[in-house]
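For reference, the structure is listed below as structure tokens.
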Amino acid sequence: MNVFRIFLFPFSLIYGSITWLRNKFFDWGLLPSQSYKHALIGTGNLSTGGTGKTPHIEYLIKLLKDKYKVATLSRGYKRKTRGFQFANEESTVRQIGDEPMQIYYKYPEAFVAVCENRKRGVDKILEKRPDNQVILLDDVFQHRYIKPGLNILLTDYHKIFTRNFVLPTGNLREFRHGAKRADALIVTKTPSVFSPLDRRLLLKELGKYEIPHIFFSFIKYGKWVPVNEKAKETNMQKAKTIFLVTGIANPVPLGEHLKRQCTFLKEFRFSDHHQFTITDLHKIKDKFNATYSQTKAIVTTEKDTMRLRKPELIEVFKNMPVYYIPIEVDFHHEDKKGFDKMVLDFMQSHFPKKKKA
């Protein structure tokens, strides 16, 4: 934590108290919280920054899509539009945001929508797709005007909410005890080799929040996927020198993964959801061309690729092999079975006999 932020602690108490009072208004019924008979599964976090919500949404889509008609709803962060929008063949990142665009590309059978007002968004989805069976709500833990039937909270293993403080001293959006609203907690980005001792210690630390279910997930990296024609021609899966280009909240795990695959890693870090410019890419191109290496490649994330698809940006990199690394989440040991059962039991409670035709 930045030492300077410690002096902001009085402001954290004020901010935290305001959010606490707001939550109490919902608890007491002074502010309305809409429940639906429709199956709603919410994901969210207490902190700002990335905890891996999108790959967990994708996990839920994969789990449910062969049995139920699935829709997703998010704010569409950093999009240039307002109101309700749904993804189609003509959609762009500017219209719906990079993460919804990524989900639409990977799961065209899902109905992908964005709306800053989640209640209005749910109503619109049900209006436009009356036979929809489940809506996956992204980043709704603090959006209490709507009440998911299953509320899943995520926390980053490297930045557990129990060791953090409310803004501006820390990165929490509300006091820690807000976690008690969750039906389940997922500790994300744990090591792929996860010790039983570490697990027990974390379960003890998190136990006081009385969350019914606690699971532990980790990231799995896939094979490099070509982004441009040069990459398709070269068809690399590793390189002596890697130029890592990211505009995500936390690129450190990906950087550590790639360091094990190359001799030299050169990183170009931009802010989360950064809109790449031609100037940005020319700077990377100049560094790439000035670097001598037997094999070299530009590697980015799947989310960043959504913002690099503009023709004028692709043109800058046309003579350099560009790849992205797909990621997915998985659960440790019995957690996968337990998490899947929790979600499927929830769905069965809404549709005991209904399955996708």
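The values are calculated or read from the model by the stated rules, or taken from the named source; none is laboratory data. Please read these numbers as outputs of a predicted model, since none were measured by experiment. A quick note on method: Cβ atoms are made from the backbone with ideal geometry, for glycine too, and the neighbour counts reach across all protein chains shown.
Some observations on this one:
- Scope region 285-294; condition assigned to a helix (DSSP H, G or I) and in contact (Cβ under 8 Å) with a residue 40 or more places away in the chain; matching residues: Lys287, Phe288
- Screening Ile160, Ile125, Ile135 for residues that are under 25 Å from Ile327 (Cβ atoms), of a type in the set (A, V, I, L, M, F, W, C) and either in contact with a strand residue (DSSP E or B) (Cβ under 6 Å, 6 or more places away or on another chain) or without any contact (Cβ under 8 Å) to a residue 24 or more places away in the chain (or both) leaves exactly one candidate, Ile135.
- Selection within region 169-180 - part of a helix (DSSP H, G or I) and in contact with a Leu (Cβ under 8 Å, 6 or more places away or on another chain): Arg176, Gly178, Ala179
- With respect to the conditions (1) in contact with a strand residue (DSSP E or B) (Cβ under 8 Å, 6 or more places away or on another chain); (2) more than 30 Å from Phe4 (Cβ to Cβ); (3) not in a loop (DSSP other than H, G, I, E, B), Leu154 falls short on a single one, namely (2).
- Lys53 being touching a Ser or Thr at 6+ places or on another chain (Cβ under 9 Å) and at pLDDT below 95: yes
- Residues of region 135-161 satisfying the condition of being within 14 Å of Thr48 (Cα to Cα) and either surrounded by fewer than 18 Cβ atoms within 10 Å (Cβ to Cβ) or of a type in the set (D, E, K, R) (or both): Asp138, Asp139, Gln142, Asp156, His158, Lys159, Ile160
- Residue satisfying condition, being surrounded by fewer than 21 Cβ atoms within 10 Å (Cβ to Cβ), modelled with pLDDT of 95 or more and either in the same structural domain as Asp335 (by TED's automatic domain parsing) or not in a helix (DSSP H, G or I) (or both), within set Tyr68, Tyr59: Tyr68
- In summary, no strands (runs of 3 or more DSSP E) completely within region 191-278 bear 2 or more residues that are under 15 Å from Tyr323 (Cα atoms), within 19 Å of the chain's Cα centre (by Cα) and not assigned by TED's automatic domain parsing to the domain that holds Val299.
- So Glu99, is it more than 17 Å from Lys53 (Cβ to Cβ) and in a helix (DSSP H, G or I): no
- Of all the listed residues (Thr305, Thr295), the sole one being surrounded by 13 or more Cβ atoms within 10 Å (Cβ to Cβ), of a type in the set (Ser, Thr, Tyr), over 27 Å from the mean Cα position of the chain (by Cα) and at pLDDT 95 or above is Thr295.
- For first residues located in region 60-75 and touching a residue at least 24 places away in the same chain (Cβ under 8 Å) and under 17 Å from Asn88 (Cβ atoms), partners that are among the basic types (Lys, Arg) and crowded, with 22+ Cβ neighbours inside 10 Å and lie 6+ apart or on another chain with Cβ distances below 8 Å form the pairs Leu73/Arg118.
- The C-beta contact set for region 17-42 (first residue farther than 30 Å from Tyr68 by Cβ, second residue outside any helix (DSSP H, G or I), distance under 6 angstrom, 6+ apart or interchain) comprises Thr19/Glu174; Trp20/Phe175; Phe25/Leu31.
- Residue under evaluation Phe165, criteria (1) outside the structural domain of Asp340 (by TED's automatic domain parsing); (2) surrounded by 18 or more Cβ atoms within 10 Å (Cβ to Cβ), criterion not met: (1)
- Scanning region 39-47 turns up one or more residues that are at pLDDT 95 or above and more than 18 Å from the chain's Cα centre (by Cα).
- Selection count where residues are buried (at least 23 other Cβ atoms within 10 Å of the Cβ) and either more than 20 Å from Pro32 (Cβ to Cβ) or among the charged types (D, E, K, R) (or both), scope region 120-134: 1
- For Lys336, the conditions (1) surrounded by 13 or more Cβ atoms within 10 Å (Cβ to Cβ); (2) of a type outside the set (A, V, I, L, M); (3) over 26 Å from Thr48 (Cβ atoms); (4) touching a residue at least 40 places away in the same chain (Cβ under 8 Å) are fulfilled apart from (4).
- Selection from region 72-99 of residues that are surrounded by fewer than 19 Cβ atoms within 10 Å (Cβ to Cβ) and more than 22 Å from Pro311 (Cβ to Cβ): Tyr77, Arg82, Gly83
- Considering residues of region 217-275 that are touching a Lys or Arg at 6+ places or on another chain (Cβ under 8 Å), farther than 27 Å from Asp156 by Cα and of a type in the set (S, T, N, Q) only, the residue modelled with the lowest pLDDT: Gln237
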